[in-house]
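Each remark here refers to the structure printed beneath this line.
The values are calculated or read from the model by the stated rules, or taken from the named source; none is laboratory data. Model, not experiment: these values are computed from the prediction. Note that each Cβ is placed from the backbone with ideal geometry, even for glycine, and that neighbours are counted across all protein chains shown. Ligands, DNA and RNA are stripped out before the accessible areas are found, and what is left, the full protein with its side chains, is counted by its heavy atoms. Shrake-Rupley method; radii C 1.70, N 1.55, O 1.52, S 1.80 Å.
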Amino acid sequence: MGAKIGVIKGDGIGPEVVNEALKVLDRAGEIYGFSCDYTDILMGGCSIDATGVPLTDEAIETAKAQDAVLMGSIGGNTQTSPWYKLPPDRRPEAGLLKLRKSLGLFANLRPARLYDELREACPLKEKTATAGFDLVMVRELTGGLYFGHRETKVVEGKRTAIDTLTYNEDEIRRVAIKAFDIAMKRKKSVICVDKANVLDSSRLWREVVSEVAKDYPDVTLSFMLVDNCAMQLVKCPSQFDVVLTENMFGDILSDEASMISGSLGMLSSASLNETKFGLYEPSGGSAPDIAGKGIANPIATILSAAMLLRYSLDKDAAADAIEAAVQEALKSGARTADLIPDEKRRTANIRCLNTSEMGDLIASLIK
Ligand code: NAD
């Protein structure tokens, strides 16, 4: 029996890019001797159209029964789609929030890597600092400031707003373990980012992360203040391997890091819970402006499928082979339209492929 993979094709370009990722997964399976059994799960606008809600209880149960879920993207044009005339808890995005909560996904992984072939798209022009840029941001996703007690009230005659930042040691430990497990599959370095010179919560993070590190003697742990990290990401981004941080710092830093890799169409992501289960998806949205045209870049979704193999199925060799095939494709001059800056469109070696041609090429390059 094959691995049980839930497939949320979703809306907009979602079905187009997911189809290419499945093509690549199947090809990797043929070469590396595994198979996947796919189960479609409705979520987002397509679920609203079919069932009236963005995610049914049945869909949640189906997702829970899988080894992992691969997702395209959900949502439509927020100005014109009738889905956005519905109350917020009935809109497409509510389905994703409900799914993440139901599956207890507390660790968000956002890899960012600069491919040599896409260096032109990197806003940082200092080549030595970005050479080899390849990190994974591990962001705690269900605690901290975004989930703490908040209120706005009048105190001593002044309008006053309160947000609280709370973490307990279990919440820190479980995401730290994920970061160290990931580091063991990479360059064995974790940098924990915090504000320990000011915040009690950060000092507790340092204590607990240091305790977890004792179980990983091969991994080097260091700490960096968040303001310094924001600078270092611009000054010398290639110094990072695994960056572990709390919810709000991770929200901001993962967007900063992702920009260094140049293109939204290349950015994969994963959200994990305490088991091997994960939800894997491209970082971009449903791109309604190009949906149905067959020109979407499938690489972020293909790289998300590689993460699925690595983190949920422990098929590291197949994941490496997919990542190498993506690099080979780029090296050969193949690009989807979003990866071609206008002035390059005319140069010789660059070939503009559509979505399925890019999927075919990457599948054919898996060794
Ligand atoms: P978007 O990421 O969908 O699009 C932003 C721009 O990037 C567009 O010009 C689009 O064409 C381009 N783009 C994105 N992915 C691409 C790809 N793979 N290949 C080529 N070009 C690509 O962001 P948006 O327009 O702000 O949002 C559109 C919809 O997506 C909204 O309904 C939003 O809520 C939803 N959304 C969903 C997710 C998710 O499913 N996790 C994430 C973000 C946004």
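Quick look at the values:
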| quantity | calculated |
| --- | --- |
| Strands (runs of 3 or more DSSP E) completely within region 100-208 that count 3 or more residues being more than 20 Å from N228 (Cα to Cα) and at pLDDT 95 or above | 107-113, 150-155, 158-163 |
| Residue in region 243-252 that is within 16 Å of the ligand (Cβ to nearest atom) and over 22 Å from P123 (Cα atoms) present | no |
| Residue pairs meeting the criteria (Cβ under 8 Å; at least 6 apart or on separate chains; first open to solvent by 30 Å² or more (accessible area, probe 1.4 Å), in region 48-59; second part of a loop (DSSP other than H, G, I, E, B)) | A50/L42; T51/L42; T56/L42 |
| Single residue of region 273-306 satisfying the filter (in contact with a Leu (Cβ under 7 Å, 6 or more places away or on another chain) and open to solvent by less than 10 Å² (accessible area, probe 1.4 Å)) that is nearest to K98 (Cα to Cα) | L279 |
| Selection from region 1-23 of residues that are of a type in the set (G, A, S) and either surrounded by fewer than 19 Cβ atoms within 10 Å (Cβ to Cβ) or in a helix (DSSP H, G or I) (or both) | G2, G14, A21 |
| Residue that is farthest from the chain's Cα centre (by Cα), among those in region 186-231 that are of a type in the set (S, T, Y) and open to solvent by 40 Å² or more (accessible area, probe 1.4 Å) | S210 |
| Within region 271-329, tally of residues that are assigned to a helix (DSSP H, G or I) and not basic (K, R) | 26 |
| Yes/no for K188 being of a type in the set (K, R) and touching a residue at least 12 places away in the same chain (Cβ under 8 Å) | yes |
| Qualifying positions in region 63-85 - out of contact with any strand residue (DSSP E or B) (no Cβ under 6 Å at 6 or more places or on another chain) and either among the aliphatic types (A, V, I, L, M) or not in a loop (DSSP other than H, G, I, E, B) (or both) | K64, A65, P82, W83, Y84, K85 |
| Flag for A59 being over 22 Å from I299 (Cβ atoms), at pLDDT below 95 and either in contact with a helix residue (DSSP H, G or I) (Cβ under 8 Å, 6 or more places away or on another chain) or among the basic types (K, R) (or both) | no |
| Matching residues, region 217-270, being in a loop (DSSP other than H, G, I, E, B) and closer than 16 Å to P282 by Cα | S261, G262, S263, L267 |
| Breaking point among (1) in contact (Cβ under 8 Å) with a residue 12 or more places away in the chain; (2) within 13 Å of the ligand (Cβ to nearest atom); (3) surrounded by fewer than 20 Cβ atoms within 10 Å (Cβ to Cβ), for L96 | (3) |
| Long-range neighbours under 6 Å by Cβ, at least six apart or interchain, first residue over 26 Å from S271 (Cα atoms) within region 281-297, second more than 6 Å from the ligand (Cβ to nearest atom) and at pLDDT 95 or above | G294/N354; G294/T355; I295/N354 |
| Of residues in region 298-343 being farther than 30 Å from T275 by Cβ and more than 16 Å from the ligand (Cβ to nearest atom), the one farthest from the chain's Cα centre (by Cα) | E343 |
| Residues (more than 8 Å from the ligand (Cβ to nearest atom) and within 16 Å of the chain's Cα centre (by Cα)) located in region 10-21 | V18, A21 |
| Residue that is farthest from the ligand (Cβ to nearest atom) [pool: residues in region 254-268 that are hydroxyl-bearing (S, T, Y) and farther than 13 Å from N108 by Cα] | S261 |
| Counted residues, region 24-62 - those being within 16 Å of the ligand (Cβ to nearest atom), part of a helix (DSSP H, G or I) and of a type in the set (A, V, I, L, M, F, W, C) | 4 |
| Selection count, region 148-167, where residues are in contact (Cβ under 8 Å) with a residue 12 or more places away in the chain and open to solvent by 70 Å² or more (accessible area, probe 1.4 Å) | 4 |
